[in-house]
Amino acid sequence: NAGVTQTPKFQVLKTGQSMTLQCAQDMNHEYMSWYRQDPGMGLRLIHYSVGAGITDQGEVPNGYNVSRSTTEDFPLRLLSAAPSQTSVYFCASSYSRPTGRNSPLHFGNGTRLTVT
Amino acid sequence: GQQLNQSPQSMFIQEGEDVSMNCTSSSIFNTWLWYKQDPGEGPVLLIALYKAGELTSNGRLTAQFGITRKDSFLNISASIPSDVGIYFCAGQAGNTPLVFGKGTRLSVIA
């Protein structure tokens, strides 16, 4: 199993550009989520999904869109990038929600995004 | 929303020393998790706690779920250079998403 795979690893955007951060998992996990990590702020939840066709907002959803058309994929879209979206983005998945004894949250290795 | 206070923010210790860090919450959690993040990678689960008072070890790491269900601590004994990284606590209440602390950055001086 590859686990949680994120692409790209690095990306530089100009203000106003759009892009999609890809996330795929091969563990048949129902729950998938996106976090952003900023210095001194820890990990903040952007959006999450409890299954295909279902998405919900997290703590900091503004400026981001998600969709979940398959169990495996959970892309994060930036429609019009802003410098405030410069961050490291992590995708994470688990078998189910809430996180139970047999359902820990697995993280990808992140996408480092810079918006100039 | 729920808030987690994690302390200390950073620590510089000598190799071989013991380390202690903790998290407190403004509300009750029914799950506490501890993650470690190495540079350039995503966080990896170290220890999971699901019951108030639970004390769980993973090698040199020990974590406890506070009796009040509003706090948890992580201890690392006899630190080694590879313990360097950022340690995150995370809590969950009911069916809500995990909430993460802001992390403790650990540096180990050989």
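Checking the structure you have, find out if any residue of the range A:92-103 is within 20 Å of A:PRO8 (Cβ to Cβ) and touching a residue at least 60 places away in the same chain (Cβ under 8 Å). Looking through the range A:92-103, at least one residue is within 20 Å of A:PRO8 (Cβ to Cβ) and touching a residue at least 60 places away in the same chain (Cβ under 8 Å). Residues that are at positive phi and surrounded by 17 or more Cβ atoms within 10 Å (Cβ to Cβ) are absent from the range A:89-98 altogether. Of all residue pairs spaced 6 or more apart or on separate chains, those with beta-carbon atoms under 8 Å, a first member in the range A:12-28 that is under 16 Å from A:THR70 (Cα atoms) and of a type in the set (Asp, Glu) and a second member that is surrounded by 12 or more Cβ atoms within 10 Å (Cβ to Cβ) and modelled with pLDDT under 95 are A:ASP26/A:GLY3.
Acidic (Asp, Glu), more than 21 Å from B:PHE29 (Cα to Cα) and either within 14 Å of chain B (Cβ to nearest Cβ) or surrounded by fewer than 14 Cβ atoms within 10 Å (Cβ to Cβ) (or both): is that true of A:ASP73 in this structure? No; evaluated as a whole, the condition is false for this residue. Is it true that A:PHE107 is within 23 Å of B:LEU45 (Cβ to Cβ), among the hydrophobic types (A, V, I, L, M, F, W, C) and within 10 Å of chain B (Cβ to nearest Cβ)? Yes; evaluated as a whole, the condition is true for this residue. Does B:THR104 count as of a type outside the set (Asp, Glu) and in contact (Cβ under 8 Å) with a residue 60 or more places away in the chain? So B:THR104 passes the test.
Take A:GLY58 and tell me if it is in contact with a strand residue (DSSP E or B) (Cβ under 6 Å, 6 or more places away or on another chain), of a type in the set (Gly, Ala, Ser) and within 11 Å of chain B (Cβ to nearest Cβ). Against the criterion (in contact with a strand residue (DSSP E or B) (Cβ under 6 Å, 6 or more places away or on another chain), of a type in the set (Gly, Ala, Ser) and within 11 Å of chain B (Cβ to nearest Cβ)), A:GLY58 qualifies.
The values are calculated or read from the model by the stated rules, or taken from the named source; none is laboratory data. For clarity, every value in this text was computed on a predicted model and none was experimentally measured. Every residue, glycine as well, gets a Cβ built from its backbone with ideal geometry; the counts of neighbours run over all protein chains shown.
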